[in-house]
């Protein structure tokens, strides 16, 4: 997973419509902080860079380096857990 | 990101045994010895009502199993109802009889996850263990499954008869390319208990298998999520069976009885309320069976004063009863159980006993 990757949520994983969880096979991943906002943007079209740019636009004044690091680290952990894929 | 473990207020998952009819006759079948008859099965409307009640209670995961859930002609309708109610829908299947068209209808209805188990890498042995010629059917199904957008898990059920081939068995699973791989030792309940002497792995086999599983876990990281279940007869502390009695899950059998686990019916003196007469939430909160082993008042003093009681809840009640005759006893897997020594004898497998298949 890097800044140019195009991430998407793995087949059989989806955001719960109301609860702050990602439903995955045999389990649930609790979402905290901006995790839901990030995951909602994974559509297999947008790159990580595009997602970071959108978040920065939505939250002007947020430190760009920190947002980039947070987004990449969340997606990398989720990729290792096999619930996010990237191309 | 943390895994949710024990929401006390509502169950996390519901296992729906839609039918006990099954084309397979596995030597380790977890269904009860006395199976429910097809004419007594819950109707489509019963199941639909139950799935809606489950979602309202806060259940997140629904596991459709059996027997073979594909035997139910109303399966797509049931999946659609469960999914619309907000449940994550998993199906555990033998794959026998699953055509591409049928699968398309199930995915269209909202199936999220499908689990397919393999009995061995060797076809002859796999069919022997399953009591029918299913191995080739399962292999042929995999490329069909992969055309669809759903999570796919391969389960390898391991025991003395196939554990020596674990390395090749894992390689087969890798080639088939699932999202998840479960390596599960047989648990000795139901029909598996009848064949325990035949299926029990040797200590040498178990010890040899551990580094193989660990190596696979490292190798597959980021590609295939691996879950492995250790054989508890070889443990020093019991498993937190079903996450604790009446804490995380409920199971409904084909005729509508609601149980705290697969094999709770072996415990004498328990009676199980039915979704035909009661609301699911009442059964969860108030039925005598679900309250029987909640909390610690039933526990022996050893368990009551043990710091592990919040971790393993005294172990498995069914196993305690099956091995000691007392459902309130400490699970003999626990090193603090006065019966712990008996496991040394039970771990001895008898290669000369004959397999018993269920009819």
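Considering only DSSP beta bridges whose two residues both sit in chain B, what percent are antiparallel, to the nearest 5?
Antiparallel: roughly 10 percent of the beta bridges in chain B.
Given a 10 angstrom Cα cut-off, can you work out which residue in B:301, B:253, B:312 is the most mobile in a GNM of chain B?
Largest GNM mean-square fluctuation: B:301.
For chain B, evaluate the Debye formula with one uniform point scatterer on each Cα (no solvent term) and list log10 I(q)/I(0) at q = 0.06, 0.13 Å⁻¹, rounded to two decimals.
So the normalised log intensities are -0.21, -1.13.
Let me have the relative contact order for region B:120-247, percent, based on Cα pairs under 8 Å that are six or more residues apart.
Values: 120 pairs, mean separation 32.4, N = 128.
That works out to 25 percent.
If the elastic network links every pair of Cα atoms under 10 Å, which of B:187, B:319, B:205 fluctuates the most in the Gaussian network model of chain B?
B:205
Work out, in µm²/s and without decimals, the Stokes-Einstein translational diffusion coefficient of region B:296-359 at 4 °C, 1.567 mPa s, Rh from Kirkwood over C-alpha pairs. Let's see the in-between values first.
On the way: Rh = 13.2 Å.
In µm²/s, the coefficient is 98.
Could you give P(r) for region B:209-332, binned at 5 Å from zero, as whole percent values over all Cα-Cα pairs?
All Cα pairs considered, the percentages come to 2, 10, 17, 19, 15, 13, 11, 8, 5, 1, 0.
Over the protein assembly as shown, what is the percentage of antiparallel beta bridges among all DSSP beta bridges, to the nearest 5?
About 30 percent, rounded to the nearest 5.
Can you compute the label reach from residue B:34? Point 7 Å from Cα along the Cβ direction, backbone N cut-off under 20 Å, restricted to region B:281-302.
Label zone hits: B:288-290.
Evaluate the Kirkwood expression for the hydrodynamic radius of region B:89-227, namely the inverse of the mean inverse distance over all pairs of different C-alpha atoms, and round to one decimal in Å.
Roughly 15.8 Å, rounded to one decimal.
Normalise the Debye intensity by I(0) for region B:1-112, one equal point scatterer per Cα, no solvent, then take log10 at q = 0.12, 0.18 Å⁻¹ and round to two decimals.
-0.44, -0.95
What percent do you get for the relative contact order of region B:61-110 when only Cα pairs under 8 Å and 6+ apart count? Intermediate values should be presented prior to the final figure.
Values: 48 pairs, mean separation 24.8, N = 50.
Over region B:61-110, the number comes to 50 percent.
Just to be sure I understand: with springs between alpha-carbon atoms less than 10 Å apart, which residue in B:181, B:172, B:27 has the highest mean-square fluctuation in the Gaussian network model of chain B?
B:172
What percent does the relative contact order of region B:277-347 come to when contacts are Cα pairs within less than 8 Å and at least six residues apart?
18 percent
At 10 °C and a viscosity of 1.306 mPa s, what translational diffusion coefficient does Stokes-Einstein give for region B:24-88, taking Rh as the Kirkwood radius over Cα pairs? Give it in µm²/s as a whole number.
Details: Rh = 13.1 Å.
Once the numbers are plugged in, D ends up at 121 µm²/s.
Based on DSSP H runs of at least 4 residues, each adding -39500 (n - 2.57), what is the mean residue ellipticity at 222 nm of chain B after dividing by all its residues, to the nearest 500 deg cm²/dmol?
So the calculated ellipticity at 222 nm is -9500 deg cm²/dmol.
For the protein assembly as shown, take every pair of Cα atoms, bin their distances at 20 Å starting from 0, and report each bin as a whole percent.
Result returned by the calculation: 23, 57, 19, 1.
Running Debye on chain A with equal point scatterers at the Cα sites and no solvent, what base-10 log of I(q)/I(0) appears at q = 0.14, 0.15, 0.18, 0.19 Å⁻¹?
Calculated log10 I(q)/I(0) at the listed q: -0.44, -0.51, -0.73, -0.82.
Since every read-out is calculated from the coordinates, none of them should be taken as a lab result. Fair warning: this is a prediction, and the values are worked out from it, not measured in the lab. Glycine gets a Cβ as well: all are built from the backbone with ideal geometry, and neighbour counts include every protein chain shown.
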